[in-house]
1. Would you work out the charge dipole size for the chain about its Cα centre, treating the Cβ of every Lys and Arg as +1 and the Cβ of every Asp and Glu as -1, and quote it to the nearest 20 debye?
2. Relative to the longest principal Cα axis of the chain, at what angle does helix 115-129 sit, 0 to 90 degrees, rounded to 10?
3. Name all residues of the stretch 4-48 having a backbone nitrogen under 14 Å from the label point set 7 Å from the Cα of Q74 along its Cα→Cβ direction, giving them as ranges.
4. What does the charge dipole of the stretch 81-206 about its Cα centre add up to, to the nearest 20 debye, if the Cβ of each Lys and Arg holds +1 and the Cβ of each Asp and Glu holds -1?
5. How long are the three semi-axes of the equivalent ellipsoid of the stretch 230-319, in whole Å, if each is the root of 5 times an eigenvalue of the C-alpha gyration tensor, listed from largest down?
6. Report the extension gain between A653 and F218 in nm, rounded to one decimal, defined as 0.36 nm multiplied by the number of residues separating them, less their alpha carbon distance.
7. Which one of L123, W135, L149 has its Cα pushed farthest toward the positive end of the charge dipole of the stretch 95-152, where Lys and Arg give +1 and Asp and Glu give -1 at the Cβ?
8. Once you sort the root eigenvalues of the Cα gyration tensor of the stretch 461-505 as a ≥ b ≥ c, which label holds: rounded (a/c under 1.5), prolate (a/b larger than b/c) or oblate (the other case)?
Amino acid sequence: PGDLAALTAIQGEISRVLLQYHRGALYVAVAGLPLRGMDFFEGRISAAWGRLHERLQQAKLRRFGELEPAEMAQLFAPLDHGGNEEQQCQVCGLEHPDVRAERAGADAEPVRKCPACRAFEDLGDALRRARWLQWREGKATAPTLTLDLTTPPGVWREALAALGWTASLFDEAPNTKPTPARSVLLALDDDALATLKPAAQTAIGRRLLVNTTPILTFDERQALQADRSFPEDERRQLPPSDRVKPFSVLEHQSRGIRRLGVLRMDVDNLGKLFQSGLGEQATLSRVAMLSFAVSLYFEGWVAKLAEEVNRATRRPPEQGGRLYAIYAGGDDLFFVGSWDAVVELAIAVRRDLTRYAAEHPGIHASGGVALVGGKYPLSQAADDAKRAEEQAKALRWRANGVEHRKDAIGFLGAALPWSLFGMEEEAQTPNLRTVHGLMHELTGLVEAGADVIELGVPFTDPLADGPSVQRATERALASGTTLPQILALVADLRRETEIPLLLMTYFNPVYRYGLERTAREAREAGVDGFLITDLPPDEALDWKRIATANSLDTIFMLTPTSTSARIEAVARLASGFVYCVSRTGVTGARPELPPDLPGLIERIRAGTTLPIAVGFGISRPEHVRQVGRWAEAAVVGSALVDVIGRHGREAVAPAQAFLRSLRS
């Protein structure tokens, strides 16, 4: 009991310091549990660990609850001016009398920063170059600190000093001569460790640190200054070379759609793992070693994975890194970067965790990715990614008749098991059952000469589709394919190609998902337009308005039975191109084109200046040649679906050969 009282007092001291200097943004939860001698035998330590975990969760739900009532009252009292913009930090949002406006570059707009944010910025700049970290013990002032939230918050060095420590970073080997105060000197990389020798009052060691920081190189800065697609106001605000890349640059350097990706990820069911994972073999030392092993992965190996992803995704090769580690340690991580690199990192972290855990099926992780603009507040983006992660952790899914929970990723508003998102082993043949594998298939079609890719959204009542597409639809529905998964596929594909991408769908999936949400998420994923087969122009005004606001084309169909009035209505609303249905009936390959097709195209041409694409029945090279004499494009659907259906996982090469034959 006496030890628990002392522990509570220690937590109170820590909480006062963190509240005084960080205003509640940081909190350390502390919990304790008395042990009996028998708890150390027959694996009972696991049950004790479970009880401790419950107490820790309770402490997290009562942040700062250990403070005295008078101190708690300060939390609910009005603070600061409450609206003085000149004293409000534009980085953290807090007010401070010493806010200063600083410029990242000579032509950049000034940004107001408080002392704490300026100090963190200097720390981050020093940390990316640092090779050694030294902790020195001092006299703590926390035991005598009086909480006073009416005084301005200080900086990180003052907070550490209150806890009895000073920290110093070095990019050159520090002096290890004996000092009166005790200290710990930690190397931040293996080579730096080899130079250290212990001295009186100074211990040495190795500190694993995920210090992945993207640096703006001189060549990159020059290229961005000359890049007219990089916004002019962002060019003016570029920092000097050899500084940390702004988020706007990471957004610009993403592939496909230009978005910043924010990733949050952690191990699933970690408390249960500690509580029962070791069974009767559990001891304090083994539980501690398990905790260390989890930390070792996130603090050590994740840094290597980030380096590999940075190296593998550079394009051109001289491009600098595109990943920024905000935090990685314990059992979780938080990264920001070009969205395509962030997705690759998420897959790599989850894949290697299985290998690290010796393929143990109960050890896995879930994550969430938010796609945002470069100027989107990072704190809000972190919340968005957290919600995506929570969505993934709430997922229940089945595989091989077994129900699974978690082990998923939240992306573009949907939660997907990693196995469907694209966590596949390297193989010669992509797994076409995954989003990532399908991306490889579609990339192969682009390489074979496809000019536009049309992705079908499966629907339970595909009235306009023939047997080939209906069979593909049934397979897609049976595997659980959804509109969010298809949007994830588009986003994945956008990392590799700028080819125009259309979604062909019936109206029901769009209506159920929500018109606004469908259009917004489609734009964010990189979709260029929609072909909604059962949405006539006179019923399409709401969708057309929403699609146009999201820079999406709306494609309409015209058939041999279309009247002049229908052609005129389509001409008013359509954008991108007009889809000419070559014959009445459903989709499907045909041996010959209908003889009245040239006349139909001529009627459509008289009513619109948009390009005309001809579909339904196009399946042979001679069909493409004929259509090429009358229209701008030939649409090949069922015949390609047949090729893929016949070859399954081996479909990439045959599909490429088929497309090349059509272009011949």
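Only the coordinates and a few stated rules stand behind these numbers; no lab work does. Small disclaimer: the values here were computed from a predicted structure and weren't measured. All Cβ positions, glycine included, derive from the backbone under ideal geometry; neighbour counts span all protein chains shown.
1. On the way: 77 positive and 84 negative charges, 118 e Å.
Around 560 debye, computed over the chain.
2. For helix 115-129, the angle is close to 80 degrees.
3. Label zone hits: 12-25.
4. Numbers: 15 positive and 18 negative charges, 141 e Å.
I would put it at about 680 debye.
5. Values: eigenvalues 348, 37, 30 Å².
Semi-axes, largest first: 42, 14, 12 Å.
6. Details: separation 435, 0.36 × 435 = 156.60 nm, distance 4.19 nm.
Net length gain for the segment: 152.4 nm.
7. The one lying farthest along the dipole's positive direction is W135.
8. On the way: a/c = 2.72, a/b = 1.77, b/c = 1.53.
Verdict is prolate for the stretch 461-505.
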